[in-house]
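First comes the structure, then the notes that go with it.
The numbers here are math on the coordinates, done by the rules we state, and not lab data. Treat the numbers as computed from the prediction; the structure is a model and nothing was measured. With ideal geometry, Cβ positions are generated from the backbone for all residues, glycine too; neighbour counts draw on all protein chains shown.
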Amino acid sequence: MAHRSRSPLADSPCLFALTGSSNVTNSKNPLSLVTYASDLGYYTLLDAAALAPSSKISLRTISADAMAVSFYKMFGFPTGVGCLVAKKSFLRQLKRPWFAGGTVDVVQVPGDGFTAAQEIHEQFEVPFLHHLSKRDLLNYPPCRTEQLILQVLLRLRED
Amino acid sequence: MLSRYVPYLPLRLSSLMHYLAESLTEITHDVAQTPVARILSRTPGRRLSAVGEQSDTGSTVSLNFLEVNQTASSLMNL
């Protein structure tokens, strides 16, 4: 990394992603690498999926542009739910090639025009849960309530 | 709720990790007295002693279970 140009962004944007803690090697990587990469001009992503549940993290001291967090490693099921904490300035550099419900304010039909959501973070929301976790999700307490309501509604008959 | 117990997690996990790593390395085959497990992942160094301290490793163990002749019989990630 240090052998590259001091300002890689001048050529093309580069992203440095660091695994904060590995569940395979059990190593915690020095977070100062993020600051080092940032000083070299890289955009930086901290993968805190395994780090966040058991460690104290302060984004005031880590100059990461974005940090990924896995909620199921904190709360348990359902799997596939997490978040990307990102600086607005970083999100403005990203271009999402598709859109889905919740990420746009207006869609022209027929046609291909659309107006992206006004808030930058809403443009990157992912509206669907991990499809493999739907079965787990059905056992999730809030969903059990929905199931119960559904069962009652399906049993309703006109007398 | 999570924010209440997060400060205690590193201390609890550090104790469990040290116990697990030490226990695994002490287990031997009863006849040949050769090790039953070989830990491949990084083992914790410093043992935490107070709430607020941060561990130098994560809280997982990758290991081989070994036959009597020390060939690996399986790989496990705990």
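The mean of 1/r over all pairs of different alpha-carbon atoms in the protein assembly as shown, once inverted, gives a Kirkwood hydrodynamic radius of 22.0 Å. Using C-alpha pairs below 8 Å separated by at least 6 residues, the relative contact order for the stretch B:2-77 is 31 percent.
Only lysines eight or more places from A:Lys28 in sequence, or on another chain, were considered; those with a Cα closer than 24 Å are A:Lys56, A:Lys73, A:Lys87. Could you work out, for the stretch B:2-77, what percent of all Cα-Cα pairs fall into each 5 Å distance bin, beginning at 0 Å and stopping at the bin that holds the largest distance? Going from the shortest bin to the longest, the percentages are 3, 16, 21, 19, 14, 11, 8, 5, 3, 0. In this simple spin-label model, placing a label point 7 Å from the Cα along the Cα-to-Cβ direction at both B:Tyr8 and A:Asp112 gives a separation of 5.8 nm. Under the simplified labelling scheme, the A:Leu59-A:Thr79 pair shows an inter-label distance of 2.7 nm, with each label point 7 Å from Cα along Cα→Cβ.
Modelled label positions at B:Thr71 and A:Glu119, each set 7 Å beyond Cα in the direction of Cβ, lie 6.0 nm from each other. Expressed to the nearest 5 percent, the antiparallel share of DSSP beta bridges inside the protein assembly as shown is 70 percent.
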